[in-house]
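**Q** Dropping the structure in here first, questions after.
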Amino acid sequence: MEFRYKAKKSLDEVAEGKVLAESLEQALGQLEKQGLIPFVLEPAENQAALKKEGLKLSSGRWSGKKLTLFTQKLYNLTKSNVELLSALRLLQQGSGERSEKLLLEDIIKKIKDGLTLSQCLGHYPQFFPFLYVNIIRSGEATGQLKDSFSQLLSYLKRLEDLKSKIKQALAYPIFMVLVGAASIFVMLTFILPRLVGMFEDFEAALPLPTRVLLSVSFFFRKYWIVLLFSGFFLYFILIRSPKGRASLISNLKYHLPWIKDLVYKQALVNFSNSLSLLLKSGVSLLSGLNISASLLGNPKYIIQLEEVRKDIKEGLSFSQSLSKFRIFPELFTQMIRVGEEGGRLESVLSDIAESYEQEIDASLKIISSLLEPLIILALGLVIGGMVIAVLLPIFNLNTLVGT
């Protein structure tokens, strides 16, 4: 029997092709021997049927919250002993989004045609990440699909909690900066020209700070359209375009002192959590490293982790290889060694993730407590300087009148 597959060949390369095997399990075994981790594996005859369907779905990705909610609903239904197909039908009926209804309708149809849930989800990587699909596949192989949903739900909730803490810590400082910037713009563009207009009748020179402030105000009033369009241009180049956004985020993540440390710790949390989850689900260490590597984010670490995988294939232990490349802190490597020696690597990885989550939480509190007074001080200096520049002519009014 011929099977069609799409699989990860390396950390950033996808292989596609066909393999001959008597069963799906045999096909999976052949691919794993070649070092391939399939995210789509199905009988080749299904491919023609898929092309005829012409299912059109939104190209946008699901947010972490949406994937968590979907998993929560599916877990609640299967926990209540609702059959998988019935659970998917209930989710489809309860969905208020057309694209989600179409997605679930297609998944239901594929399952009826003989595909497994993981094979169906593998067709939609924009909705279901590679890690997600592999955890579902492991649950199907062991007959513990309900447990897979539970593990995924716990993993996704921890990720969302961490994101939420970071957003909450940065929300107020960002709000203060925006309000301060808006206040400065209004003062420069509208208020300042009217206040200083009263001094134009005097033919004496205004103080230097006032003249500088007036020049800045004049620039904003004359070129505000240029500034506005430049802002929109930069927004669409740096934020809206995928390449620009990726470049901007990369520069911020890996170069700003505080941010760099937080991003590194978050990458360790994501990597440790995902690898722990995969190992608990029965995925091999080599496959787990391949799947989890992308969560490290930094290309340098991803390349080094590929070397770690090669070392493990040649007989080295995970901790021995990690100590060679120094990808992770020394304490991380030591804990991995303890986990390997005690045969509890997956639980040690979970403990590592929890430890770094606590460190991130503490760092966020420190950053938040420092940022707020610093922003207030900076805004106070700028706005205070503007007020002084406006008041200086008033203090010198007697001199101006005398002149």
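The values are calculated or read from the model by the stated rules, or taken from the named source; none is laboratory data. Nothing here was measured: the structure is a model prediction, and the numbers come from that model. As a convention, Cβ positions derive from the backbone with ideal geometry for all residues, glycine included, and neighbour counts pool all protein chains shown.
**Q** Here is a check on your reading of the model: is residue 51 more than 19 Å from residue 130 (Cβ to Cβ), at pLDDT 80 or above and outside any strand (DSSP E or B)?
**A** Criteria not met by residue 51.
**Q** For residues that are surrounded by 15 or more Cβ atoms within 10 Å (Cβ to Cβ) and touching a Leu at 6+ places or on another chain (Cβ under 8 Å), scanning just the stretch 307-321, find the one that is nearest to residue 260 (Cα to Cα). Even if it seems obvious, please write down each step before you answer.
**A** Looking only at the stretch 307-321, we keep the residues that are surrounded by 15 or more Cβ atoms within 10 Å (Cβ to Cβ), and these are 308-309, 311-312, 316-321.
Applying the additional criterion that residues be touching a Leu at 6+ places or on another chain (Cβ under 8 Å) yields 308-309, 312, 318.
Values: 308: 23, 309: 26, 312: 29, 318: 26 Å.
The selected residue is 308.
**Q** Where in the stretch 96-180 are there helices (runs of 4 or more DSSP H), lying fully within it, with 3 or more residues that are within 29 Å of residue 267 (Cβ to Cβ) and under 16 Å from the mean Cα position of the chain (by Cα)? Outline the logic, then answer.
**A** Working: elements: 98-112, 117-121, 130-142.
Correct list: 130-142.
**Q** If we scan the stretch 322-334, do we find a residue that is buried (at least 18 other Cβ atoms within 10 Å of the Cβ) and either closer than 30 Å to residue 212 by Cα or β-branched (Val, Ile, Thr) (or both)? If you could, list the steps in order and put the result at the bottom.
**A** Step one: list which residues in the stretch 322-334 are buried (at least 18 other Cβ atoms within 10 Å of the Cβ), which gives 322, 327-328, 332-333.
Okay, now just the ones that are also either closer than 30 Å to residue 212 by Cα or β-branched (Val, Ile, Thr) (or both), so 327, 333.
Yes: the stretch 322-334 contains one or more residues that are buried (at least 18 other Cβ atoms within 10 Å of the Cβ) and either closer than 30 Å to residue 212 by Cα or β-branched (Val, Ile, Thr) (or both).
**Q** Quickly run through the stretch 224-248 and pick out the residues that are at pLDDT below 80 and of a type in the set (Ser, Thr, Tyr).
**A** Listed by number, the residues that qualify are 235, 241, 247.
**Q** What's the total number of residues in the stretch 346-381 that are among the hydrophobic types (A, V, I, L, M, F, W, C), out of contact with any helix residue (DSSP H, G or I) (no Cβ under 6 Å at 6 or more places or on another chain) and under 18 Å from residue 182 (Cβ atoms)? Before you say what the answer is, go through the steps one by one.
**A** Filtering the stretch 346-381 down to residues among the hydrophobic types (A, V, I, L, M, F, W, C) leaves 348-349, 352-353, 360, 362, 364, 366-367, 370-371, 374-379, 381.
Among the residues that remain, those that are also out of contact with any helix residue (DSSP H, G or I) (no Cβ under 6 Å at 6 or more places or on another chain) are: 362, 366, 370, 374, 376-378, 381.
Those still in the list that are under 18 Å from residue 182 (Cβ atoms) too: 376, 378, 381.
The qualifying residues number 3.
**Q** Report yes if residue 395 is out of contact with any Asp or Glu (no Cβ under 6 Å at 6 or more places or on another chain), in the same structural domain as residue 215 (by TED's automatic domain parsing) and touching a residue at least 60 places away in the same chain (Cβ under 8 Å), otherwise no.
**A** On the way: out of contact with any Asp or Glu (no Cβ under 6 Å at 6 or more places or on another chain): yes; in the same structural domain as residue 215 (by TED's automatic domain parsing): yes; touching a residue at least 60 places away in the same chain (Cβ under 8 Å): no.
Answer is no for this residue.
**Q** Out of all the residues in the stretch 267-278, is one or more crowded, with 17+ Cβ neighbours inside 10 Å, touching a Lys or Arg at 6+ places or on another chain (Cβ under 9 Å) and not in a helix (DSSP H, G or I)? Show your work before the answer.
**A** The initial filter retains those residues of the stretch 267-278 that are crowded, with 17+ Cβ neighbours inside 10 Å, namely 267-278.
Checking which are touching a Lys or Arg at 6+ places or on another chain (Cβ under 9 Å) leaves us with 269, 273.
After this cut, where a residue has to be not in a helix (DSSP H, G or I) as well, the list is none.
No, there is no match, as no residue in the stretch 267-278 is crowded, with 17+ Cβ neighbours inside 10 Å, touching a Lys or Arg at 6+ places or on another chain (Cβ under 9 Å) and not in a helix (DSSP H, G or I).
**Q** Could you please let me know if residue 306 is modelled with pLDDT under 85 and assigned by TED's automatic domain parsing to the domain that holds residue 267?
**A** Working: modelled with pLDDT under 85: yes; assigned by TED's automatic domain parsing to the domain that holds residue 267: yes.
When the stated conditions are applied, residue 306 passes them.
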